[in-house]
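> If you scroll down you'll find the structure; I have some questions about it.
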Amino acid sequence: AEGKSAVAENRSQAVDVDVVVIGAGFAGLRHLYDLRQQGLSARCFDEAPEIGGVWYWNRYPGARTDSQSWIFAYSFSEELQNDWTWNERYTPQHEIYAYLNHVADRFGLRDQVTLGTRVASARYDDERELWVVTTDSGEEVTTRFVVSATGPLSAAYKPDFKGVDDFRGEWYMTARWPEDDVDLSGKRVAVIGTGASAVQLIPTIAHTAAHVTVFQRTPNYVIPARNATLHENERASIRERYPDIWKRAREQVFGFDLGLAGRTFDDVTSEEMQLILERGWEIGGFHFVFETFDDVFTDERTNEVVSEFIRNKIRTIVKDEATAELLCPKDYPFCGKRPPLGHFYYETFNRDNVSLVDVSQEPISEITETGVKVGEQVHEADVIIFATGFDAATGAITRMDIRGRGGVSIADKWKDGPSTYLGVAVNDFPNLFMILGPHVPFANAPVVIEDASEWIANLIGYMRDRDLTVSDASAEASDEWRDTLTEILNDTVVAKGRNNYFLGDNIPGKAHAPLFYLGGVKRYRDALLKESANDYPGFAMS
Ligand code: N01
């Protein structure tokens, strides 16, 4: 420990390691790699018994990416890129999980990770200018820097329904799915929630369950994913085009391998609009969102045409009229919630063993010994699955006891909504950094992870080289960042969403505040690079 740390060598106060990284998922692994490139020592902790982060926990049936497989990956190693084989347009959970384990082994990152160990607290010691991190196993580690790589959608949320403990069957959460196979065959399964997780789960389990009852509070606009097997010649072509693909992904607002539509509402007739949407629907995936019309996020006229187009698709696919109408989102615009990609989602409601219960007017009142109660009716079930989402962006961080200057906790600091600088730092929490904290772009995660991770490691290296011990993001710069991202968000349809986790509205009692930056991954990267190129004007460093 002492003397081993590169940062500490220059300091009077020695620390156990230069950096403590919290989380061993996509972001944490990349960060361990970046820190090593900087010659910094690090230890990483993860609550899960295995590496992988959300790709360890979310192993529910049907779990896979909504990003194209070839860009839901790291770009830092060409060899890795060329060696790995993606088999489908959208990667199933077990393949990403295998990929992350492969990366951990290939780059020798595993030794730095302590698994099955949760970071319970991190306290900044003002006098000694270091962090004291404690774990749930009672270990205490001193470090100069803490980097949270905890993921924006990792703190699972389960509503506090009365009676869950009395339920005589089994219950599961999609975001905490057990490693052992869960046998649903012949069982009556209740699924609560209709977000991206449920949309993937429901069609998959409907094949084996005796009956699936879906409890829907807010219908989603689900776009067909159109998954397909990738053939070797497609993979070869992707490998060849990788430099261009990454260039596109780094410029596309949401970090996807997609281009622009090159047209908006006023460029086409309404008949042409329908044809363009038909074509987009056939190609499927986020192509439908981003390569049909460039103003779907910002022009209400375009948005309404697209929203109605999807409603008509639902009405065409779903045979039972009442069910179709219930599945149609009507009181919020398309992309007012993150649209999930479906794999025969709407088609599944044509099965005899699938039924839909609307809980938008009459909520679930309790869980009974035998099922889910809505109003006076108990819907009997052998298994209940909670696909009820996450305390997004802030939850994974505020659930730890993180205290900055003057012992102020981050949960208190953020009680009216998060305040960050560039989504990576928090005023009065010196040397605490976040890779996918609040206020970073909502996007294909690896693109944001690689940008932020490398940038943070560079900043730490910069401080080490100049013998600087403390960096603190200024309050003014943080306010400005929040104002910028609030303005951007208010110009989009996201501001008009329903129960949207982008705004904290899915969690009872959580502040209504923007949690993501919607200016796009390129503008975000430009903001980061401007900050570092100018010697970090938004930070006080000493
Ligand atoms: O969570 P969600 P998710 N009574 O918050 C309902 C990513 N992801 O895990 O909308 C009844 O979207 C809630 O209803 P409402 C992706 O970014 C990615 O599905 O609040 N229902 C909603 O229907 C995604 O957007 C992939 O009215 C209740 C559902 O639970 C994000 O994770 C796969 C309720 C929660 O939906 C979150 O998705 C999966 C209550 N009391 C997830 N409380 C990929 O493809 C909540 N609900 C990579």
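> Among the residues of the stretch 41-56, is any within 16 Å of the ligand (Cβ to nearest atom) and out of contact with any Phe, Trp or Tyr (no Cβ under 7 Å at 6 or more places or on another chain)?
Yes, because at least one residue in the stretch 41-56 is within 16 Å of the ligand (Cβ to nearest atom) and out of contact with any Phe, Trp or Tyr (no Cβ under 7 Å at 6 or more places or on another chain).
> Here's something else I'd like to know. If you go through the stretch 499-518 one residue at a time, do you hit one that is within 27 Å of THR142 (Cα to Cα) and away from the ligand (no atom under 16 Å from the Cβ)?
No.
> Pick out the one residue from GLU376, GLU380, GLU366 that is free of Cβ contacts under 8 Å to residues at least 40 places away in the same chain and either more than 30 Å from TYR124 (Cα to Cα) or out of contact with any Leu (no Cβ under 6 Å at 6 or more places or on another chain) (or both).
GLU376
> Between a first residue in the stretch 246-275 that is at positive phi and a second residue that is of a type in the set (Asp, Glu) and buried (at least 17 other Cβ atoms within 10 Å of the Cβ), which pairs have beta carbons less than 8 Å apart while being 6 or more apart in sequence or on different chains?
GLY262/ASP294
> Please go through the stretch 111-137 and give me each residue that is under 18 Å from ARG403 (Cα atoms), out of contact with any Gly (no Cβ under 6 Å at 6 or more places or on another chain) and either aromatic (Phe, Trp, Tyr) or not in a strand (DSSP E or B) (or both), ordered by number.
Selection gives ARG118, ASP126, GLU127, ARG128, GLU129, TRP131, ASP136.
> Let me ask you something else. Looking at (1) surrounded by fewer than 17 Cβ atoms within 10 Å (Cβ to Cβ); (2) touching a helix residue (DSSP H, G or I) at 6+ places or on another chain (Cβ under 8 Å), which is the one condition that is false for PHE390?
(1)
> Keeping to the stretch 86-110, report how many residues are without any contact (Cβ under 8 Å) to a residue 12 or more places away in the chain and either in a loop (DSSP other than H, G, I, E, B) or more than 28 Å from ARG64 (Cα to Cα) (or both).
Final tally of qualifying residues: 1.
> To continue, here is another question. Considering only residues of the stretch 283-296 that are within 16 Å of the ligand (Cβ to nearest atom), touching a residue at least 40 places away in the same chain (Cβ under 8 Å) and within 19 Å of GLY262 (Cβ to Cβ), which is surrounded by the most Cβ atoms within 10 Å (Cβ to Cβ)?
PHE288
> With the requirement that a residue be in contact (Cβ under 8 Å) with a residue 40 or more places away in the chain and more than 21 Å from the chain's Cα centre (by Cα), what does the stretch 137-159 give you?
Of everything in the stretch 137-159, those that are in contact (Cβ under 8 Å) with a residue 40 or more places away in the chain and more than 21 Å from the chain's Cα centre (by Cα) turn out to be VAL141, THR142, THR143, ARG144, PHE145.
> Before we move on, is ILE276 over 19 Å from TRP70 (Cα atoms) and not charged (D, E, K, R)?
yes
> Is one or more of the residues making up the stretch 308-331 outside any helix (DSSP H, G or I), surrounded by 16 or more Cβ atoms within 10 Å (Cβ to Cβ) and not β-branched (Val, Ile, Thr)?
yes
> Tell me, which residue of the stretch 49-85 that is assigned to a loop (DSSP other than H, G, I, E, B), of a type in the set (A, V, I, L, M, F, W, C) and touching a residue at least 60 places away in the same chain (Cβ under 8 Å) is surrounded by the fewest Cβ atoms within 10 Å (Cβ to Cβ)?
PHE76
> Tell me which of these SER419 doesn't satisfy, since it passes every other one: (1) assigned to a loop (DSSP other than H, G, I, E, B); (2) under 30 Å from LYS330 (Cβ atoms); (3) among the hydroxyl-bearing types (Ser, Thr, Tyr).
All conditions are met except number (2).
> A further question follows. Within the stretch 216-235, is there a residue that is more than 15 Å from the ligand (Cβ to nearest atom), within 20 Å of ASN353 (Cβ to Cβ) and not in a loop (DSSP other than H, G, I, E, B)?
no
> All but one of (1) more than 29 Å from ILE402 (Cβ to Cβ); (2) more than 16 Å from the ligand (Cβ to nearest atom); (3) charged (D, E, K, R) hold for LYS162, so report the exception by its number.
Failing condition for LYS162: (2).
> With the structure loaded, tell me whether GLY336 is within 16 Å of the ligand (Cβ to nearest atom), crowded, with 19+ Cβ neighbours inside 10 Å and within 16 Å of THR213 (Cβ to Cβ) or whether it fails that test.
Spelling it out, it is not the case that GLY336 is within 16 Å of the ligand (Cβ to nearest atom), crowded, with 19+ Cβ neighbours inside 10 Å and within 16 Å of THR213 (Cβ to Cβ).
> Could you grab me the full set of residues in the stretch 91-120 that are polar (S, T, N, Q) and surrounded by fewer than 17 Cβ atoms within 10 Å (Cβ to Cβ)?
THR114
> Just the residues that are crowded, with 24+ Cβ neighbours inside 10 Å and within 11 Å of the ligand (Cβ to nearest atom), please, taken from the stretch 174-189.
THR174
> Looking at the stretch 29-44, is at least one residue acidic (Asp, Glu), under 27 Å from THR204 (Cβ atoms) and modelled with pLDDT of 95 or more?
Looking through the stretch 29-44, none of the residues is acidic (Asp, Glu), under 27 Å from THR204 (Cβ atoms) and modelled with pLDDT of 95 or more.
The values are calculated or read from the model by the stated rules, or taken from the named source; none is laboratory data. These figures come from a predicted structure and were not determined experimentally. Note that we place each Cβ from the backbone using ideal geometry, even for glycine, and neighbour counts take in every protein chain shown.
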